[in-house]
1. What residue, among those in segment 1-23 that are at pLDDT below 90 and closer than 16 Å to GLY48 by Cβ, is surrounded by the most Cβ atoms within 10 Å (Cβ to Cβ)?
2. Can you tell me which residue is surrounded by the most Cβ atoms within 10 Å (Cβ to Cβ) among those in segment 34-66 that are touching a helix residue (DSSP H, G or I) at 6+ places or on another chain (Cβ under 9 Å) and closer than 17 Å to ASN14 by Cβ?
Amino acid sequence: MIKNLNSDVGKRINDFDNLEVQTVLTFNQVFPECKLSGYELHDEVVIGLPDAGNTRKISIGNDLIKHKMFSDILYGMDRAEFLLDETDKELDDIMGHPV
């Protein structure tokens, strides 16, 4: 399912831009694979231009952040959850290439 979500992220960005209400809550509904956390659900969200590392600049209230618009899936689960042990984070880079 997440693979399917990743393939239409551009369309969903356009759909989000056309919503009357663009908040953290509506962002999380449209993009369940890359939810915004640590913000109030009613904070206004504006999706900006693409940025380095397959991210987008996103304005949340008065904050400007870089945010991935896709999930980081590894072995069927989110990579951050899989690599909870700091020693396993070396798997992120093998011979200078991201994995």
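The values are calculated or read from the model by the stated rules, or taken from the named source; none is laboratory data. Model, not experiment: these values are computed from the prediction. Cβ sites come from the backbone with ideal geometry, for glycine too, and all protein chains shown count toward neighbours.
1. Going through segment 1-23, the residues at pLDDT below 90 turn out to be 1-10.
Next cut, closer than 16 Å to GLY48 by Cβ only: 9-10.
Values: VAL9: 17, GLY10: 9.
Applying the filter and picking the extreme gives VAL9.
2. VAL45
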